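Before any comments, here is the structure.
The values are calculated or read from the model by the stated rules, or taken from the named source; none is laboratory data. What you see is a predicted model, and the numbers here were worked out from it, not measured in a lab. Here the Cβ is made from the backbone with ideal geometry for all residues, glycine too, and neighbour counts use every protein chain on show.
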Amino acid sequence: MERIALVTGGSRGIGRAIAERLAADGLTVVLTYAGNEAAARDVVEGIEGKGGRARAVRAEFGGHGDAAALWAAYDGLGLGPVDVLVNNAGIGLPVPLGKVTEEEFDHVFAVNVRAPFFVVQEGLGRLRDGGRVINISSGAARIAMPEILAYGSTKGALDNLTLNLAKALGPRGITVNSVAPGIVDTDVNAGWLRGNAEAEAHAASLAALGRVGRPEDIADVVGFLASDAGRWVTGRVVDATGGAGL
């Protein structure tokens, strides 16, 4: 039986690593991208070049009806039920308390919380019993970081969504978990991290394991939760920060 994974925001960074890991594990991967079709195509071609199966669909989040549009695009591919849903797409908001606008606040919650909520709701009839829902959270949900508190608040809300979805979907055998990365070397962080020895050393010092995270570190945790080995874990936040804030 073909197993299918849907990974939102799978064209770069952590999402790309997750898509590649799940494809390597034998799943057919459908990844979404917001605007960079070339990046998405590159991921698909890379997976197919290694003998895997992948498709890409365009999906933007933050507006009403976005989740329904995503599933309509998925249905258009003619594939079967989804075994693994990874809610990875999200945005940051590096703005301190005194400068966050109402519009910025609404938008970051719309993308990071409302979208996963309705992606699951709209997908209830498309998720296979015994499947997996994996939400990509953040260490910022448990570590006080006032400079990004609106973003951290969205991830705290996402973790609560995970808890409740695990209870709601448990009777169908569907596990629901959050994976919480710390600082990861991705394009999002490249501007202040890469090529800046002082910034990298500081970021590494925040983790008990003494280095900056890599996308593959997060993807491997997702791979475990998506596998049969993760069948008895649900409603949990799996910390993948390398021990930040201990």
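Regarding Gly62, is this residue small (Gly, Ala, Ser) and either touching a Gly at 6+ places or on another chain (Cβ under 8 Å) or at negative phi (or both)? Steps first, please.
Details: small (Gly, Ala, Ser): yes; either touching a Gly at 6+ places or on another chain (Cβ under 8 Å) or at negative phi (or both): no.
No: the conditions fail for Gly62.
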* Pair list, Cβ < 6 Å and 6+ apart or interchain, from segment 121-147 residues that are on the phi > 0 side of the Ramachandran plot to residues that are surrounded by fewer than 19 Cβ atoms within 10 Å (Cβ to Cβ) and modelled with pLDDT of 95 or more -> Gly130/Gly173
* To do: Please enumerate the residues belonging to segment 1-28 that are hydrophobic (A, V, I, L, M, F, W, C) and at pLDDT below 95.
  => Met1
* Structure fact -> Within segment 158-189, residues being closer than 18 Å to Thr241 by Cα and of a type in the set (A, V, I, L, M, F, W, C) number 6
